[in-house]
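Data block below; observations after.
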Amino acid sequence: MEEKPKVVVSRTRQAVSTAKEFNFAESDIRAGKDSVASYRASAWSAFKKLSLPDTTLEAWRRTDIHNLPADKFKFAADGAFNDLPPVREDLLRPLIADQHGGQIVLLPGGVKVELDEKIAKKGVIFTDLKTAEEKHPELLAKMMGKTVNVEEGKFSALAGAFAQSGVVLYVPKGVTVDEPLHSVLWGPGTDIAHVSHILVLVEEGASVTYVHEAASPDLKGANSMHAGLVEIQVMQGASLKFVELQSWGRHVWNFSHERARVERGGNLDWIFGAIGSRITKNFSELDLAGEGAQGRMSGFYFTDGDQHL
């Protein structure tokens, strides 16, 4: 009796090709001093080396971005916000009572910064990334790249190299900020790459509440992108409540790498809420780095239609 040939069936994930690549160039990187320049050079090197992820990667096997029109995206020029829809009024309302302790509005090609004088006199720094690069480069050396490695992926490298906007929050040792601080990243427009870097350092024994929101109008048939980094350090015995909300329009591809490190006896309450975007891929990690460090991550997601979070 003739033996039938054996048939071996194997199932492996097929790579989905990403034919398009970003057109960003080294000339698009904002110049910085000393450690900032070194950080961005490292990020640029990683960005050139790393490929866009596909579904063969374990971390991306449920998130297919082969339709991402990477070659179409461009950075907003200075003052671009003047020709785009203004930030929604409801995003600017005080969180409690009738005023903010401080508020930063990040716009395409612009920024608005407010900080209560009483808080500023305590040594608190709450400003936009570009201003911090000019006035506080020594502080940025303690913050940039301390919790998120730019080589973690294509999008972390992109955000590290090309961050056009961002927030720097520094609370000195032993200072308590009673009023919440608030920032809004407003991303109108089409084919725009909104790239942000949020940096928080709460020194020993200090305490603060910080709320960051990202939002945009909802544009049918369009595409835009956000790539961001969030780096948080809560030092010994310090306390931070961080609330992060996104209501991006349904045309926005949203990618972020976020990590918090809490030292001995520190406390972090991290709350995340998401209702927007076309696709959101968010890598979030909490590192309890010392004895007695406490951290809680909680959040909510509401999706419908073909949204993917």
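The values are calculated or read from the model by the stated rules, or taken from the named source; none is laboratory data. Note that the coordinates shown come from a computational prediction; the quantities given were computed from them, not determined experimentally. Backbone-built Cβ (ideal geometry, glycine too); neighbour counts: all protein chains shown. For the accessible areas, the whole protein counts, side chains as well, though only heavy atoms, and no ligand, DNA or RNA atoms are used. Shrake-Rupley method; radii C 1.70, N 1.55, O 1.52, S 1.80 Å.
Rounded to the nearest whole Hz, the Karplus-based 3J(HN,Hα) values (6.51 cos²θ - 1.76 cosθ + 1.60, θ = phi - 60°) of the stretch 28-37 follow the sequence 7, 7, 6, 5, x, 9, 6, 5, 5, 4, with x at glycine and proline.
Decide, for the stretch 157-289, between rounded, prolate and oblate: order the square roots of the alpha carbon gyration tensor eigenvalues as a ≥ b ≥ c, take rounded if a/c falls under 1.5, and otherwise choose prolate if a/b is larger than b/c, else oblate. Prolate, because a/c is 1.5 or more and a/b exceeds b/c. Given their separation in residues at 0.36 nm each and the Cα-Cα distance between them, residue 96 and residue 48 gain 12.8 nm when the chain is fully extended. Here's how it looks for residue 261: its modeled amide H is under 5 Å from those of 232, 233, 234, 287, which are all 5 or more places away or on a different chain. Under 5 Å between amide hydrogens, built in the peptide plane, is the criterion, and for residue 290 it picks out 264 among residues at least 5 positions away or on other chains. Our summary gives the stretch 123-255 a relative contact order of 27 percent, counting only alpha carbon pairs under 8 angstrom and 6 or more residues apart. For the chain, a crude dipole built from +1 on the beta carbon of Lys and Arg and -1 on the beta carbon of Asp and Glu, taken about the Cα centre, is about 600 debye to the nearest 20. Rounded to the nearest Hz, the phi-derived 3J(HN,Hα) couplings of the stretch 242-256 under the Karplus curve 6.51 cos²θ - 1.76 cosθ + 1.60 (θ = phi - 60°) are 10, 10, 10, 10, 10, 9, 4, x, 5, 9, 9, 8, 10, 10, 8, where x marks glycine and proline. For the stretch 42-91, the Cβ-based charge dipole about the Cα centre amounts to some 300 debye (Lys, Arg positive; Asp, Glu negative; other atoms uncharged). Over the chain, accessible surface divided per residue gives 49 Å², non-protein components excluded, 1.4 Å probe. Largest to smallest in accessible area, the residues 303, 56 fall in the order 303, 56 (1.4 Å probe, all protein chains included). Local charge for residue 20 was computed over the other residues whose Cβ lies under 9 Å away, with Lys and Arg +1 and Asp and Glu -1, and equals -1. Karplus-based coupling profile of the stretch 266-274, in residue order and whole Hz: x, 9, 10, 10, 10, 10, 10, x, 9, with θ = phi - 60° in 6.51 cos²θ - 1.76 cosθ + 1.60 and x standing for Gly or Pro. Atom-type composition of the exposed protein surface of the chain places 47 percent of the accessible area on carbon and sulfur (1.4 angstrom probe). Distances between placed amide hydrogens fall under 5 Å for residue 281 paired with 254, 255, 256, all partners being 5 or more residues away or on another chain.
For the stretch 207-309, applying the loop criterion from DSSP together with a ceiling of 13 other beta carbons within 10 Å to the chymotrypsin sites (Phe, Trp or Tyr not before Pro) yields 302. Which of 20/48; 49/154; 48/146 have a Cα-Cα distance over 18 Å? The answer is 48/146. Farthest towards the positive end of the charge dipole of the chain, among the residues 109, 170, 150, is the Cα of 150, using unit charges on the Cβ of Lys, Arg, Asp and Glu.
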